[in-house]
Amino acid sequence: MKPALQGLFPDELRDVCTGAGFPAFRAKQLWQWLQGRHALSWDAMANLPRAFRDALDAGWTPAPLRPLREAGDPGGTRKWLLGLDDGESIETVLIPARDRKTVCVSTQVGCKMACAFCASGKGGWVRNLGAGEIVAQVHHVAALSGGRPNNVVFMGMGEPFDNYDAVLRAVRLLNHPGGLAIGARKITLSTSGLVPGIRRLATEGLQVELSVSLHAPDPERRRRLMPVEGRWPMDELLAACREYTAVTKRIVTFEYTLVRGFNDSADDAAQLAARLRGFPCRVNAIPLSPVAEFDGEAPSRETCHAFLDALLRHGIEGTLRESKGKGVSAACGQLRRGSMRENPPSTIMPSSGA
Ligand code: SAH
């Protein structure tokens, strides 16, 4: 499999080009096509000589993704199933809002974390994405939606800190002023709670947003939803988050999926607030997006709001993420999972036409 050119910084592109015997200005043109104009094929790059393209194509690809399916909903959310060079597939979502255009990217094919309600982990982990495959997802959305997104969340398939190096490279490429130039504060990394990743991120000197998936007010219930609790227990996780905030002066957001009758009561909110007390943070509550493999439902709107009210009464600010894109199977991994059920993986590529 050839690595994607979208994963290279300008100086690395220059080395690839000059190494193949071409002048450095070709690298500048190539960077401009890839990172400035969202080119995702050689054919799109009109002013590059055939010999240059052929020489680079021997070791690299500008086309790491190909759309297999698209789903949309009336709210404007669009979700793509994207095919990779080796026949695997991932999901990428566009979530437009009034003043924001957010892309949700995947970082792995499948996931090792096996959270009970998450479709991404149901088929296990297949492989990590390269930085170019991550960056190319944003270019894909830019190309298909008429321009540059201004917000990127690493909340698609996969656990970003289980693919740390590629993810951080992708963050720096997305942030590069000569490319997509997405502000660091407009990039959110979301983790199921891999403590070493949180500690490492604190040392990067980046202003990115950190979200941590908590989902329960106590370790016992968290463990029932998230096996990772057995490896990195809640107390250690919260300690790492406090350290992160102390070092970076950045506020951590805790994601909390509300499951009816399981973790959604006012008492649960009080218990959660007690655990989070004493350091600046916020909670992002998300009503469960039902998945076939998990026997749980979303609470009513009233219950969700009562949960947030109780949280606030106990001194913790929270917001409710209205489930966007229900009609597009927007929760992690649902589109891929659905298509695996309909067609075994080997038949997805040939039968696609989207
Ligand atoms: N692995 C990372 C990022 C991907 S998931 C993480 O765990 O944070 C992004 C968020 O969506 C996580 O908080 C995840 O737990 C949540 N999520 C996954 N499936 C969901 C579902 N069916 N309903 C609601 N939230 C879900």
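In table form, for the structure just shown:
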read-out: Meets criteria (under 26 Å from T191 (Cα atoms) and surrounded by 14 or more Cβ atoms within 10 Å (Cβ to Cβ)) for M45; value: no
read-out: In region 253-280, the residues that are at pLDDT 95 or above and away from the ligand (no atom under 15 Å from the Cβ); value: G261, S265, A266, D267, D268, A269, A270, Q271, A273, A274, R275, L276
read-out: Residue match in region 157-178 (condition: within 16 Å of the ligand (Cβ to nearest atom), more than 21 Å from H215 (Cα to Cα) and over 15 Å from the mean Cα position of the chain (by Cα)); value: no
read-out: Pick from region 113-132, criterion closer than 30 Å to A181 by Cα and assigned to a strand (DSSP E or B), ranking: farthest from the ligand (Cβ to nearest atom); value: R127
read-out: Qualifying residue in region 133-154 (condition: within 15 Å of the ligand (Cβ to nearest atom), buried (at least 21 other Cβ atoms within 10 Å of the Cβ) and of a type in the set (G, A, S)); value: no
read-out: Yes/no for W80 being assigned by TED's automatic domain parsing to the domain that holds N150, in contact with a Pro (Cβ under 6 Å, 6 or more places away or on another chain) and at pLDDT 95 or above; value: yes
read-out: Flag if T203 is surrounded by fewer than 21 Cβ atoms within 10 Å (Cβ to Cβ) and assigned to a strand (DSSP E or B); value: no
read-out: Single condition G110 does not satisfy, out of (1) within 14 Å of the ligand (Cβ to nearest atom); (2) of a type outside the set (D, E); (3) more than 14 Å from G83 (Cα to Cα); value: (3)
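The values are calculated or read from the model by the stated rules, or taken from the named source; none is laboratory data. Since this is a predicted model, take the numbers as computed values, not measurements. No Cβ is skipped: glycine too gets one built from the backbone with ideal geometry, and neighbour counts run over all protein chains shown.
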